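The next block holds one structure in the form of structure tokens; read it before the comments.
The values are calculated or read from the model by the stated rules, or taken from the named source; none is laboratory data. These figures come from a predicted structure and were not determined experimentally. Counting neighbours? That spans all protein chains shown, and the Cβs are built from the backbone with ideal geometry, glycine included. For accessibility, only protein heavy atoms count, side chains too; no ligands or nucleic acids. Shrake-Rupley method; radii C 1.70, N 1.55, O 1.52, S 1.80 Å.
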Amino acid sequence: MRQPTKASALAAVRETIGVSSIAGTRTRPSDGAEFEIRYPGDGCVIGSVAGAGDATVDAAVGAALGAFPRWAATPPSDRGRVLLRAANRLRERKLELAAVEVLDTGKPIREALEVDVDSAADCLDFFGRAITGLESAHRDLGSLHTYTRREPLGVCVGIGAWNYPLQIAAWKAAPALATGNTMVYKPSELTPLSTVLLAEILIDCGLPPGAFSVVQGGGETGRALVRHPDVRKVSLTGSVSTGIEIMREAAATLKRVTLELGGKSPLIIFNDADVERAVSGAMLANFYTQGEICSNGTRVFVQHEIADRFTQRLVDRTAMLRIGDPFDGTTHVGAMISDNHARKVMGYIDAGIAAGAECVAGGVEVALDGLGGRFIAPTIFDRCDDGMPIVTDEIFGPVLSILRFDDEVEAVTRANATPYGLAAGLFTRDSGRAHRVAAALEAGVCWVNTFNQTPVEVPFGGTKMSGFGRENGLAAIDHYTELKSVMVETSTLKDPYPT
Ligand code: NAD
């Protein structure tokens, strides 16, 4: 396999860097704020984003509105075929797209090749097929013939976070487009590269121009999209504070809202767990994508009897992780997304030490020859208290907290004592306990003896302050459609006002 490099990634985006793609046309609007684009691996500026202002947002929404009637009337099987072709195209261009994802995010290339592109392609595949099999409900009410129809909402807006740019865009675009909606998508201003390529692939595979546009920009551009009167639905992947603001703005025009927000997920390791497997689970739950994952199980509750053994193995195996050049195929831990974010994560690490938690791994930044990015060593805190900021707050970095517990009831009570409710996990060999605890944990997703697997066939989303609505699985279809009830009287209609 050809090894992607920064140069090959830059070559792939030479023509599209920082542009918006509106109705299939690349534009560099001049009505919004400009942002520098930096490659997180070396911190160097590689271009700039021309942000979309109100007029550009209006043009993209107008194009989506114009494309809507024809796309909504396209038979589902034809819509599905467009998505299936796009899924294949993503797989054919996997090396190039994975390289662009690394340029955008600074994550290790092995992850981008293993997860990011495939997850986007799988999602297009899933909804491309699912839409052809959608059935409606018929109720036999005698002479009243009734059935329901799933109808598209209209113009939907997708707004993404920076940790999985291509995957997040596909997880919104695929169900929206499959169900006959059109979409205007805004990636994070920190990661503007890959979604433009996704838009061009979709249009090249037969999507009518206008049915999927990408506008670039930051919060102001997002706000203009959310306020736009012709938009019927907004799906955000982002922080809780942005979710609250979007919900407030969307209320003015009663737009539907899906919110995929932050988390501080618990991972419970019981005495009877397979320790090596639980250690793998804890690493998977904390250090993938430098810990910049919403569902990460950062509060690791370990039952006393195995806590020392578990912690020692976790520390030993974490020490083997290679922090390095994101484009090096052997790197396990890449660069933090930005200086600001690295500072925030290091601030939490310092706060953990100041609060008296025992830092048993990492806790430091790592300088790499020739790479000016910010690299933070996977960090493990032992003997944490539930009230420490490292335990209560979403850090969104490679920082794992170990909390010891005595019994199941205590573990579940402490695990649920958080405003968040995105995900949870547990490791045990006791199948009764597995189902009992999975039911008791307040989370939208619960993993048993694994963590952070997100097959597109299974709904994904949060509860409590982690948001609501679901992506993936057939459940996502509910969030992109209106349910219409049709009632046909097949017999005579009784005179309602007999004289
Ligand atoms: P963020 O909330 O700062 O930004 C998310 C997106 O919202 C960006 O595109 C941003 O430009 C836009 N935005 C900001 N203010 C806006 C406004 N007022 N109106 C409309 N749009 C606005 O989040 P981030 O820093 O990009 O991402 C990190 C957060 O995302 C973390 O909290 C993480 O947990 C969360 N996240 C959640 C999931 C999930 O599926 N639940 C997945 C990935 C990330």
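Observations, loosely collected:
- Modelled label reach - HIS145, point 7 Å along Cα→Cβ, the stretch 480-499 residues with backbone N closer than 11 Å: 487-491
- Rh (Kirkwood; distinct C-alpha pairs) - the stretch 226-291, Å: 14.7
- Inter-label distance, ARG433 to ARG70: 6.0 nm, where each label sits 7 Å from its Cα along the C-beta direction.
- Proportion of all alpha-carbon pairs of the chain beyond 33 Å (%): 40
- Of the trypsin sites (Lys or Arg not before Pro) found in the stretch 297-334, those in coil by DSSP whose Cβ has at most 16 other Cβ atoms within 10 Å are ARG322.
- The average projected area of the stretch 278-371, computed from the convex hull of its Cα atoms over all directions, is 6.9 nm².
- Computed over the alpha carbons of the stretch 216-369, Rg followed by Dmax gives 19.7, 59 Å.
- Relative to the longest principal axis of the Cα atoms of the chain, the long axis of helix 117-130 makes an angle of roughly 30 degrees.
- The residue list PRO165, LEU141, CYS123 was ranked by how far each Cα lies along the charge dipole of the stretch 85-170 toward its positive end, using unit charges on Cβ atoms, and LEU141 comes out on top.
- Applying a DSSP loop filter and a limit of 10 other Cβ atoms within 10 Å to the GluC sites (Glu not before Pro) in the stretch 25-98 leaves nothing.
- Placing a label point 7 Å from the Cα of ALA11 along the Cα-to-Cβ line, the residues of the stretch 67-110 whose backbone N sits under 17 Å from it are 93-103.
- In a reduced charge model with +1 at each Lys and Arg Cβ and -1 at each Asp and Glu Cβ, the stretch 227-323 shows a dipole moment near 460 debye about its Cα centre.
- Sorted on the mean count of surrounding Cβ atoms within 10 Å across their residues, most packed first, peptides 410-417, 151-158 read 151-158, 410-417.
- FRET efficiency estimate (nearest 0.05) - Cβ-Cβ, GLU92 to ALA367, R0 56 angstrom: 0.90
- Where only DSSP H runs of four or more residues are counted, the chain gives -11500 deg cm²/dmol as its mean residue ellipticity at 222 nm, each run worth -39500 (n - 2.57).
- Per-pair calculated FRET efficiency, R0 = 45 Å: GLU276 and ARG256 via Cβ, rounded to 0.05: 0.50
- Dipole of the chain, positive direction: furthest Cα of PRO187, PRO378, GLY66, with charges on the beta-carbon: GLY66
- Here the spin labels are modelled as points 7 Å beyond Cα on the Cα-Cβ line, and at GLN3 and ASP31 they lie 4.7 nm apart.
- Förster-model FRET efficiency, 60 Å R0, ARG129 and ARG343, C-beta, rounded to 0.05: 0.85
- Considering only THR463, THR428, HIS228, and ranking their Cα positions along the charge dipole of the chain that arises from unit charges at the beta-carbon of Lys, Arg, Asp and Glu, the one farthest toward the positive end is HIS228.
- Charge dipole magnitude, Cβ of K and R +1, D and E -1 - the stretch 238-288, Cα centre, debye nearest 20: 320
- Summary value for the chain: 18 percent relative contact order, contacts being C-alpha pairs under 8 angstrom separated by 6+ residues.
- Simple Cβ-charge dipole of the chain, Lys/Arg +1 and Asp/Glu -1, about Cα centre, in debye nearest 20: 1100
- Expressed as a whole percent, the accessible area of the stretch 170-249 that falls on carbon and sulfur atoms is 53 (1.4 Å probe).
- Trypsin sites (Lys or Arg not before Pro) lying in DSSP loop within the stretch 430-498, provided at most 15 other Cβ fall within 10 Å: LYS494
- Length-normalised contact order of the stretch 131-247 in % [C-alpha pairs under 8 Å, at least 6 apart]: 29
- A protection proxy built from the mean count of other Cβ atoms within 10 Å ranks the segments 380-390, 329-339, most packed first, as 329-339, 380-390.
- Extension gain, THR413 to GLU358, is 17.4 nm, computed as 0.36 nm per intervening residue step minus the present C-alpha separation.
- Measure of compaction for the stretch 347-398 (Cα Rg per 2.2 N^0.38 Å): 1.22
- Relative to one another, the C-alpha centroids of the stretch 210-237 and the stretch 394-433 are positioned 35 Å apart.
- Most simply put, the chain has about 45% antiparallel DSSP beta bridges, counting only bridges with both residues inside it.
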